[in-house]
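Input: a single structure, listed below in structure tokens.
Read the figures in this text as sums done on the coordinates, not as results from a lab. Because the structure is a prediction, the values reported are computed rather than measured. Here the Cβ positions follow ideal geometry from the backbone for every residue, glycine too, while neighbour counts run over all protein chains shown.
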Amino acid sequence: MSKNIRVLRDIKARNGVNAHEITRRAYLYVARNQTLPPSVRYQAQLQLNTFGRYTRPSTVKNRCSETGRGRGIIGEFALSRYQFRLKALAGELPGVVKASW
Amino acid sequence: MYSLSTSRLARPCRSALAFVSRSARTPLARVRAQSTTSISQNPSSHPPPIAQNEQPPALTEPFFASQIVHGRSLLKPYHHPPTHHIPVALLHFRSHHLNLLNLYMHFAQHAAAALAVPVTNPASLPTQRRLWTVIKGPFVHKKAQENFERKTHKRVVKVYDADQGVVDKLVAYLEHHELAGVGLRVVRWHRAPVGVGALTMEAMKGQLRRGGAEGRKGEAVTTGQKVKKLGERIVAEETKAAKAKEEAGDAAKKS
């Protein structure tokens with residue numbers, strides 16, 4: 001597992017999102033609720049802005065567990081396309097074979 | 001010694017004959033046959049009775065299939081006929097490898113025959129196929145790509161009529177002798193007594209009286225409940241803060 005800075009930041013983001021999910025969703029619920037008075041909604045939105053970037057779900061990105069590559073990831077195996085191919089050809093991925101039809 | 005019956009379904013092999021002739025001399029074989037039968041009313045799974053000073057009766061297929069006989073796995077598995085056609089369980093088998101799946105199906109059907117459990121022939125559910133097309137190299141060269149796939153083969157066997165305990169034993173036996181690469185999922189149905197609807201309703205009402213899914217202490221259990229509760233608390237706090245601000249503003253305006 002390659003420990004580059006991008007992987008570490010992604011781990012931080014995942015932990016942060018997990019820890020703050022409920023409070024974020026609660027503030028979002030209040031801020032987006034049409035039936036509440038605007039002042040309350042505004043206050044809730046301000047509170048929402050105080051959350052750091054490592055609590056936002058959009059900062060979470062799938063990365064290759066072998067190399068840490070951010071592009072070309074196959075989510076089911078958490079591997080980049082080249083690593084997936086190497087392991088598949090070696091027989092290390094259960095049930096995955098070269099397709100021919 | 002039982003006499004041979006040349007049934008069209010299956011002919012006993014030599015080792016089977018030797019076993020039957022050995023077991024006919026000991027009374028233990030009869031006891032074992034009777035204990036593994038699912039329904040005691042099923043006459044076909046009982047050993048044929050031996051009367052004194054008579055020709056030994058024919059070896060019936062259902063009785064023979066219920067015996068644990070060495071070498072019988074070379075033959076096709078026997079299916080005990082269902083007595084009442086009441087479905088009791090569904091066995092789902094999944095695998096990426098057809099040879100493993102077929103081997104395990106053969107084993108499962110023989111196991112069901114040995115326990116005298118009526119099962120259907122394996123039905124093939126549609127195969128699931130996942131395809132990945134990846135670039136061969138780690139950098140550029142988009143035109144050179146390779147296809148990989150993963151096929152999931154599925155089979156279903158329906159179990160009829162057997163008692164719950166017998167089905168438990170069959171499932172435990174299959175799980176004990178599991179094959180690496182084949183997954184098993186079991187769906188069980190049990191018959192509830194008449195009046196179960198009223199009992200369920202009473203239980204639900206009791207739960208509502210106590211405070212519903214939140215429990216006796218009224219604490220939120222699911223994420224949705226937690227979010228809603230927190231949201232309401234935030235709304236209460238913010239409305240109070242907003243009101244206080246308004247009053248301060250009015251007071252400042254008046255003065």
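Between residue A:71 and residue B:121, take the C-beta separation as r, use R0 = 41 Å, and let me know the FRET efficiency to the nearest 0.05.
0.25
Tell me the label-point distance for the pair residue B:189, residue B:219, using the 7 Å Cα-to-Cβ offset, in nm and rounded to one decimal.
Rounded to a tenth, the inter-label distance reads 4.0 nm.
Highest mean first, how do B:220-226, B:86-92 rank when packing is the count of other Cβ atoms within 10 Å averaged over residues?
B:86-92, B:220-226
What order do you get for B:179-187, B:194-202 when each peptide is scored by the mean count of other beta carbon atoms within 10 Å, highest first?
Those peptides, ordered most packed to least, come out B:179-187, B:194-202.
Set the Förster distance to 56 Å, then compute FRET efficiency between residue A:56 and residue B:163 from the Cβ-Cβ distance, nearest 0.05.
0.50
So if each residue of separation counts as 0.36 nm, and I subtract the Cα-Cα distance between residue B:173 and residue B:156, what length gain in nm does that give?
Residue separation times 0.36 nm, minus the Cα-Cα distance, leaves 4.4 nm.
Say the dipole of chain A comes from +1 at the beta carbon of Lys and Arg and -1 at that of Asp and Glu; which of A:74, A:28, A:7 then lies farthest toward its positive end?
Farthest towards the positive end: A:7.
Take the residue pairs A:98/B:136; A:87/B:136; A:61/B:143; A:87/B:151; B:205/B:228; A:3/B:142 and return only those whose Cα atoms are more than 19 Å apart.
A:61/B:143; B:205/B:228; A:3/B:142
Can you give the relative contact order of the range B:96-255 as a percent, counting alpha carbon pairs under 8 Å and 6+ residues apart?
20 percent
Just to verify a number: FRET efficiency for residue B:129 and residue B:209, C-beta to C-beta distance, R0 = 51 Å, to 0.05?
It comes out at approximately 0.50.
Take every residue in peptide B:130-138, count the Cβ atoms of other chains within 10 Å of its Cβ, and give the average of those counts.
Per residue, the average neighbour count from other chains is 5.
Which order, highest average first, do A:44-52, A:7-15 follow once you tally other Cβ atoms within 10 Å for each residue and take the mean per peptide?
Top of the packing list down: A:7-15, A:44-52.
Can you give the extra length, in nm with one decimal, that the chain gains between residue B:74 and residue B:100 once fully stretched, where that is 0.36 nm per residue apart less the Cα-Cα distance?
Fully extending the segment from residue B:74 to residue B:100 adds 7.7 nm.
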